[in-house]
Structures are given as C-alpha cells and as structure tokens.
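The structure appears below as structure tokens.
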Amino acid sequence: MVNEKVNIGNFLLPRDAHQLVSMRGEIDWKNTSNVILELNQKLKDLLPTGLRKKVLKIATEMLDNLVKYNVNQPPDVFMVLHTKERLYFLSQNLIKNPDLLITLEKILWVNELDIDDMKAEYSSQLKGGTISELGGAGLGILEMARKSNQPIQFNVETRDKKTSFITLLVNITID
C-alpha cells in the first residue's frame, strides 16, 4: 500500500500537494512582500478573486506572525502547498516561551469558537482592541481561523528554557 501522506513540519499532508511558494531563512518585513506578490501571481489562474483575497490574508497574517515573533535565529520557514481541494499554509519559527504560551492560549481559544462567535469577536476586537508592544491588535490568529473556517493546527518542540520551535498549519478548502 502506498503512503498517501508525507510528513512536513510534523504534519501529515497529502503526497500530491504541490508547493506554490516557499521561504526559508530570516524572514523580515523586507522579504515578505516578495512572497505575497509571488503567491498572488501564482493564484491568479488558480482561484477566483474572492477566494484569492482570503488566501492572501491568511498568508499575510502568518508571515506577520513570523516577523513579529522572530528571535533572530533562522531558519524561519513559510510555505504554501496546494492540492485540487485544499491550500495548506505552514510556518515554523523559534519563539520566546512567554510569547509561545500567549500564542497557544489564543489558538486553543479560537479553535473552540464557531464561525458566528469568530465574527463577533473580530468585530469586538476591532472596536475595542488595544495595540500590543509588537504592534498588533491580536487579530492575526483569529483572522486566519476566520478566513480558513478550519481549526489552526500546531506543533511545539522545546529548544531550551527560553525558546521553542512552533509550527503552524492552516488549511482552506478551494473546491
């Protein structure tokens, strides 16, 4: 029997998933726009405009998290893969453990919300949210889950007392 899944970042993804874009190394504000432009170009013939906007929003939020929580120890990883039915967004980076705990709490909380609760929470945070030290209003994880309408998957590997590797996987149905 042929294994129909392949391990990428500790997630089993379909073997027929093709890479659309990939970035490995130090991810910063300068080079993320190139990835978004490349992804947009590749999606033009693949997806209708409305779905392409959702996909680009998820990619932007994921890259934004990579930049914000970067501890300047590459390699950071970002990739988008696709099959006929789905797009997969995968990111991996080293994160400070206090930031990791906040991120995991947010992911677990968002994964428990239904779509109506996500919309209500998004509106509430837009109206009354505060800007963090890192420059965000805490909407990135919520926005990724909202746009994908799927739970955010994650894997954590402790590196030392101060840092851990976090891998995120977000997927969206495209059929």
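When you scan segment 94-112, do you find a residue that is in a loop (DSSP other than H, G, I, E, B) and surrounded by 13 or more Cβ atoms within 10 Å (Cβ to Cβ), even just one? Within segment 94-112 (the criterion being in a loop (DSSP other than H, G, I, E, B) and surrounded by 13 or more Cβ atoms within 10 Å (Cβ to Cβ)), the answer is no, since none of the residues qualifies. At least 1 residues being touching a residue at least 12 places away in the same chain (Cβ under 8 Å) and exposed (fewer than 12 other Cβ atoms within 10 Å of the Cβ) is the threshold, and among the strands (runs of 3 or more DSSP E) wholly inside segment 1-84 those reaching it are 18-25. Is segment 125-134 home to any residue that is surrounded by 15 or more Cβ atoms within 10 Å (Cβ to Cβ) and either closer than 24 Å to D28 by Cβ or within 18 Å of the chain's Cα centre (by Cα) (or both)? No, the conditions are met nowhere in segment 125-134. Scanning segment 71-95 for residues that are of a type outside the set (A, V, I, L, M, F, W, C), touching a strand residue (DSSP E or B) at 6+ places or on another chain (Cβ under 6 Å) and more than 19 Å from N149 (Cα to Cα) gives Q73, P74, P75, D76, Q92, N93. Tell me which residues, restricted to segment 135-148, are surrounded by 13 or more Cβ atoms within 10 Å (Cβ to Cβ) and either at pLDDT below 90 or among the polar types (S, T, N, Q) (or both). Answer for segment 135-148, where residues must be surrounded by 13 or more Cβ atoms within 10 Å (Cβ to Cβ) and either at pLDDT below 90 or among the polar types (S, T, N, Q) (or both): G136, A137, G138, L139, G140, S148.
The values are calculated or read from the model by the stated rules, or taken from the named source; none is laboratory data. Given the structure is predicted, the values throughout are model-derived calculations rather than measurements. Cβ coordinates were reconstructed from backbone atoms using ideal geometry, including for glycine residues, and neighbour counts include every protein chain displayed.
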